[in-house]
Every structure is written in structure tokens, then in C-alpha cells.
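Below is one structure; the comments refer to it alone.
Please treat every number below as a calculation from the coordinates, not as lab data. Just so it is clear, the model here is predicted, and its values are computed rather than measured. Cβ placement follows ideal geometry from the backbone for every residue including glycine, while neighbour counts extend to all protein chains displayed.
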Amino acid sequence: MYVFLKTLHVIGAILLVGNVTVTAVWKTFADLTHNAPVIAFAQRLVTITDWSLTASGILLISIGGYGAAYASGMDPFRTYWLILGQALFAASGMIWAGILIPLQIRLARSSRAFRGGGEVSEVYRRDSRRWLFWGIVATVPLVAAVYVMVAKP
């Protein structure tokens, strides 16, 4: 059971970290085209992949991680490296919930105005730059959590 749960945990980490990283890259390249329909399409995909891949990754990380800890006899709230990993995961989640999700909702709404063509608003461009900055900030603790889970300091 432990191996199965740990596998779910690893798959979740791959989905989460992979999606947030790849999404930022292709959204940035879409924004750099200055092509309104391309940007609007990329923004729509950000929403779709976040609801499917990021949410699935978070669910698998949680179920697999806590399940594997308990299956192996570890207390996830009394083992230093597990506490540190959870804190890093939570820090990233707070940035996503407090800053990135509201920004992403605004980006999705404003991109609908130019998906058929036209001008990309300066408000969209400003929010997109903020989304990228805070997305990078939120990814750092996720990568650090992966390190903590592997190194077990």
C-alpha cells in the first residue's frame, strides 16, 4: 500500500509542478506574440489546465502523501522534513489562493473581450506580468518542497 500511495504522491507532484511551469512558459510565449486570439486561447487553456491538472496534482499529492506517511508509520505532523514540506506546499497555496487565482480570473474575463481579435488591453498586459511574477514566486516553494521530500533533511 505504501508504494502505491507514494506513487500517487509523486504523480501528483509531477502534475502540479509540471503544469505550473509549462503553463507559465507557453502563456508567456503566447503573450509575446501580441496576437489577441492567440493570447486569448492561451489564457483559456491556463484556466482549463489549472482546473484539471493542477487540481488533480494537489489532490494526488495530498492523498498520496498523507496516505504514504501513515502507511509507513510516520506522523506527518511530527517529522521535521514532512512538516517543512507541508509548510512549503501551504506557502505556495496561499500565494495561489490569495493572488494568482484572482488575477487569473481577471485575465480570463478580460481576454474574452479580444478573443476574436482587436487590441489586448493594457490592464490585461499588466495583470499578465503580475501573474507571471507571482507564479514564479509561488513555484519556488513547490520546487523546494520536492527537494525536501527527496533529501529528507
Zone of VAL38's modelled label, taken as backbone nitrogen in region 122-153 under 19 Å from a point 7 Å along Cα→Cβ: 122, 124-126, 128-129, 132
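Summing -39500 (n - 2.57) over the DSSP H runs of n ≥ 4 in the chain and dividing by its residue number, what mean residue ellipticity at 222 nm do you reach, to the nearest 500 deg cm²/dmol? Present the calculation step by step, with values, prior to reporting the outcome.
Values: 6 runs with 120 residues, N = 153.
Here the helix-only value at 222 nm equals -27000 deg cm²/dmol.
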Among (1) 14.3, 39; (2) 21.8, 70; (3) 17.5, 59, which one is Rg and Dmax of the Cα atoms in Å computed from these coordinates? (3)
Using DSSP to define loop residues, name the trypsin sites (Lys or Arg not before Pro) in region 45-153 whose beta-carbon has at most 13 other beta-carbon atoms within 10 Å. ARG78
